[in-house]
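Read the structure below first, then the notes.
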Amino acid sequence: MTRVVLGVSGASGAQLALACARDLARRGALLDLVVSTGGGRTLELEGGEDARSELSALAVREHSIADVGAEIASGSSAIAGMIVAPCSMRTLSAIAHGLDDNLLTRAASVQLKERRPLVLLVREAPLSLIHLRNMVLATEAGAIILPPVPAFYLQPASLSDAVAQIAARAVDLLRLGPAQARAWSAPASPD
């Protein structure tokens, strides 16, 4: 079975983590979960007291952020890729600069060195030049920067629909199988 790491850092957007975990579970992926201290706090603030337990229930393994010796910290671990949702600017910076100071950033570095997909749902607005440069560094290292921008052209009926579409796009970028996110289709042109 396919294993994927989901990292959750302290940026706003806890619903993105839940939506990615749900999507991965629907696709039959085994989920290794790493939640930063800030990520746990944001999950509780934005998702309520049940958000963390729901996220944990979707994971096959949950690792402590401090456990840099966990299996997912090694390139020999059979992982298909990793999503960081949401990805704070602190986490982006650590990944871009190779600061493997916790399990989340170490697992991300492993994806890069092993040339596996690493999708970062970066959350901040407006962006400073430092943020932009860190995004360039991460991209040059092989990461995929996916700001969680709604696909307005799909006319989502709710915020939940928009979040689910963003999560589906993130999971599609791992290339685990056929794309599941709704695709744009041009309206028929009048003849």
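Here segment 147-191 is the region considered, the condition is being in contact with a strand residue (DSSP E or B) (Cβ under 6 Å, 6 or more places away or on another chain) and surrounded by fewer than 19 Cβ atoms within 10 Å (Cβ to Cβ), and the residue that is farthest from Met82 (Cα to Cα) is Pro147. Of the residues that sit in segment 10-59 and are more than 15 Å from Ser160 (Cα to Cα) and of a type in the set (Asp, Glu), which one is most open to solvent (accessible area, probe 1.4 Å)? Checking each candidate, the answer is Glu49. Checking each residue of segment 132-143 against the condition of being touching a Phe, Trp or Tyr at 6+ places or on another chain (Cβ under 8 Å) and not basic (Lys, Arg) gives no match.
Within segment 69-103, the residues that satisfy the criterion of being exposed (fewer than 15 other Cβ atoms within 10 Å of the Cβ), free of Cβ contacts under 8 Å to residues at least 40 places away in the same chain and either of a type in the set (Val, Ile, Thr) or under 30 Å from Gly177 (Cβ atoms) (or both) are Ser74, Gly75, Ser76.
The values are calculated or read from the model by the stated rules, or taken from the named source; none is laboratory data. Remember, predicted model here, so these are calculated numbers, not experimental data. Every residue, glycine as well, gets a Cβ built from its backbone with ideal geometry; the counts of neighbours run over all protein chains shown. Only protein heavy atoms, including side chains, enter the accessible area calculation; ligands, DNA and RNA are left aside. Shrake-Rupley method; radii C 1.70, N 1.55, O 1.52, S 1.80 Å.
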